[in-house]
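The values are calculated or read from the model by the stated rules, or taken from the named source; none is laboratory data. As the structure is a prediction and not an experimental result, all values here were calculated from the model. Cβ: placed from backbone, ideal geometry, glycine included. Neighbour counts: every protein chain shown. Heavy atoms of the whole protein, side chains included, go into the accessibility calculation; ligands, DNA and RNA do not. Shrake-Rupley method; radii C 1.70, N 1.55, O 1.52, S 1.80 Å.
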There are 2 protein chains.
Amino acid sequence: MTTPIRSLEEVATKARGKKIKLSVAGGNAPTVIEAIGKAVREEVVEAILVGDKEGIIELAKEHSIDPHSFEIIDEQDVTKVPAKAVDLIRNGEAQMLMKGMVNSADYMRAILNKKAGLFSPGEVLTHVTVCEVPTYPKLMIVSDVAVLIEPDLSEKIKMLEYCIQVANALGIENPKTAIISCVEKPSYKIDSTIDGVLLKKLAAREQLKGAIIDGPLAMDLAISKRSAEEKNYHSEVAGDADILIFPNITAANVFFKTLTNLAHGRIAALVVGASVPCILTSRADTEESKFMSIALGALLV
Amino acid sequence: MTTPIRSLEEVATKARGKKIKLSVAGGNAPTVIEAIGKAVREEVVEAILVGDKEGIIELAKEHSIDPHSFEIIDEQDVTKVPAKAVDLIRNGEAQMLMKGMVNSADYMRAILNKKAGLFSPGEVLTHVTVCEVPTYPKLMIVSDVAVLIEPDLSEKIKMLEYCIQVANALGIENPKTAIISCVEKPSYKIDSTIDGVLLKKLAAREQLKGAIIDGPLAMDLAISKRSAEEKNYHSEVAGDADILIFPNITAANVFFKTLTNLAHGRIAALVVGASVPCILTSRADTEESKFMSIALGALLV
């Protein structure tokens, strides 16, 4: 049995030497090129940067990165960059996609394109964030902070499946999974409690496999053993969750932004559900977070 | 101009000597009696405990609290306790209500009772939490983590009004207010962004007064100056919010539970919208948090 990975540092360590082929849509973004430079140096990836070639070379030099350490495909028209980067995946020349200096909507559209994208019917494009915080003894695998707005039950099942894949890639077998709501008592007035009941039942009937599921759970019952004890709530998941499935995008988004801004948390994140892991970074993400996302993606290829 | 209160400790200091009359529904709850004992010693309140008299006396002695330091009204029937505690408010014998060892639903029902409750038509019963966390330089006033499930725009306006009242009681004039969503760009797909736009416009047209409002804002833009700078987002509220209005109960609940369980946060909380401040504590709240809620309530009477 593999020892579970318990920190982002271990994610980076495990990803070293993988040399995954990474296609980058718009290489000329400062923190992106720094993160890629580091990922290339540590042999996590071999990178192909699509975009304004001269701009990329200049930016690389500014950040003391050797522009010869990656391949550059020149494309001056920024609206054509995402499709060209996606083509590299479709042609088998790359195994992972990353967003650089292109519009997020254009990037997502290129992934979702029915004819020339990376998306198969039956899949659900969603988002997985791996969070590390000094006050929790292990990683938390969280969905969905960025893509699905109000996921329904079938989408939550896909979110869960992708989270289990990430957990397995981190060496966590049968991840303890909390279906988050604001209370542990089911109420017909609170939809997320009903989804918690249903997902737990699907797991009990073995329609959902590969995880130990409990729900609905309020956040404190999911991640605080003290709270679980004081509320006299006992389950395998309570106070010890590996995976947190959130009821809606605002709750999930508030969670990871509270962690990173007020609790010294760090994250790695991926868009999942496409044929390859896709990295969708935000302007406010640190270079370190972008590097960690590349490393996490490399473990999923 | 008053200096704004920036910590819960200052809330407690300001509440000392107020001697507010507190009516407690079900005095025989361990952490509740400890919190009340402290609030009486510090002259924040004079307490009237309704419930099983012998049980209350015994529990007080167990916690080294002099049972003569408060009045006890004997009521053996636990289902009658909330209404009896509410009666003390209606008769003018008490100015603030607190939940002890009674069922939360019974407690809320007694407050909401049309004939014998504390609730006027036109008001909205909602919940305000004051949060303190070492990583933020001031208090955050948050609504609604516990009562309104999916507040609509009119309910959000009332939430905002009560939060402004709390801010003013803390010496904060014109509190900086963030209407929280997951993005700062309005999208018709995300209801909470639309409410952000509307509330900001209501303030601009002076239909809402007493606060500087910005929205929609994602959490990081509301409370992180670094994030606001990196996203090149400038407003009086960005990175410096006093009040956070959340789109739904799960997002708000996740926020305060992440703060208290993973970010060394502490809270005080009140049910507002009734004729007097009401304290609704959870089993998992610490004795300190219950005491701080009493102190906060005392500032609002």
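Express the relative contact order of chain A as a whole percentage, based on alpha carbon pairs under 8 Å and six or more residues apart in sequence. List each step's numbers first, then the result.
Details: 650 pairs, mean separation 68.3, N = 301.
Once normalised by length, the contact order is 23 percent.
Please compute one quarter of the surface area of the Cα convex hull for region B:255-297 and express it in square nanometres.
Computing the convex hull of the Cα atoms and averaging its projections yields 3.2 nm².
Count the net charge of all other residues whose Cβ sits under 10 Å from the Cβ of B:Ser235, scoring Lys and Arg as +1 and Asp and Glu as -1.
Overall, the nearby charge balance is -2.
Can you list the copy-to-copy distances for A:Leu112, using a point 7 angstrom from Cα toward Cβ, in nanometres, shortest first?
3.8
Could you go through region A:272-283 in sequence order and give the Karplus-derived ³J(HN,Hα) for each residue, using 6.51 cos²θ - 1.76 cosθ + 1.60 with θ = phi - 60°, rounded to whole Hz, and x for Gly and Pro?
Rounded to whole hertz, the list is 10, x, 8, 5, 9, x, 10, 9, 10, 9, 9, 4.
Heavy-atom accessible surface, probe 1.4 Å, ligands and DNA/RNA ignored: which residues of region A:122-154 lose at least 30 Å² versus the isolated chain?
A:Thr135, A:Ile149
Out of residues 5 or more away from A:Lys19 or on other chains, whose amide H comes under 5 Å of its own, with H placed 1.01 Å from N in the peptide plane?
Distant-sequence amide H within range of A:Lys19: A:Val44, A:Val45.
Among residues other than B:Asp52 whose Cβ falls under 11 Å from its Cβ, what is the net charge (Lys/Arg +1, Asp/Glu -1)?
Numbers: positive: B:Lys53; negative: B:Glu54, B:Glu58, B:Asp74, B:Glu75, B:Asp77.
Residues close to B:Asp52 contribute a combined charge of -4.
At a 10 angstrom cut-off on C-beta neighbours, averaged per residue, how do the peptides A:228-237, A:128-137, B:92-101 rank from highest to lowest?
Ranking, from highest mean packing down: B:92-101, A:128-137, A:228-237.
Quick one: with label points 7 Å out along Cα→Cβ, list the inter-copy distances for B:Thr2 in nm, shortest first?
Copy-to-copy label distances for B:Thr2: 5.7 nm.
Rounded to the nearest 5, what % of DSSP beta bridges with both residues in region B:126-262 are antiparallel?
20
May I ask you to list the lysines whose Cα is less than 20 Å away from that of A:Lys80, ignoring any residue fewer than eight positions away on the same chain?
Candidates past the 8-residue exclusion: A:Lys53, A:Lys99, A:Lys114, A:Lys115.
Counting only pairs 8 or more places apart or on different chains, how many lysine pairs in region B:126-262 have C-alpha atoms closer than 17 Å?
Summing the qualifying lysine pairs gives 19.
From the alpha carbon gyration tensor of the protein assembly as shown, can you work out the equivalent ellipsoid semi-axes (sqrt of 5 times each eigenvalue) and give them in Å, largest to smallest?
Square roots of five times the eigenvalues give 49, 25, 20 Å.
Express the carbon and sulfur contribution to the solvent-accessible surface of region A:126-262 as a percent, rounded to the nearest whole number, probe 1.4 angstrom.
49
Report, for the protein assembly as shown, the % of DSSP beta bridges that are antiparallel, rounded to 5.
30
Can you list the residues, at least 5 places off or on another chain, whose amide H is less than 5 Å from the amide H of B:Lys176, using H built in the peptide plane?
For B:Lys176, the qualifying residues are B:Ile212, B:Asp242, B:Ile243.
For B:Ser120, what is the net charge nearby, where nearby means another residue's Cβ is under 13 Å from its Cβ and Lys, Arg count +1, Asp, Glu -1?
+3
Write down the Kirkwood hydrodynamic radius of region A:1-139, to one decimal in angstroms, obtained as one divided by the mean of 1/r over all alpha carbon pairs.
Answer for region A:1-139: a Kirkwood hydrodynamic radius of 16.2 Å.
Apply the Debye scattering formula to chain A, with a single equal point scatterer on each alpha-carbon and no solvent, then give log10 I(q)/I(0) at q = 0.13 Å⁻¹.
-0.87
Among DSSP bridges having both ends in chain A, what percentage is antiparallel? Round to the nearest 5.
The antiparallel proportion sits near 30 percent.
Using the Kirkwood radius built from alpha carbon pairs, what does the Stokes-Einstein equation give as D for region B:126-262 at 4 °C and 1.567 mPa s, in µm² per second?
D = 89 µm²/s.
Can you tell me the dipole magnitude for the protein assembly as shown around its Cα centre, using point charges on the Cβ only (Lys, Arg +1; Asp, Glu -1), in Debye to the nearest 20?
That gives a dipole near 540 debye.
Find every distance from the label point of B:Pro134 to the corresponding label point in the other copies (7 Å from Cα along Cα→Cβ) and write them in nm, one decimal, shortest first.
0.7
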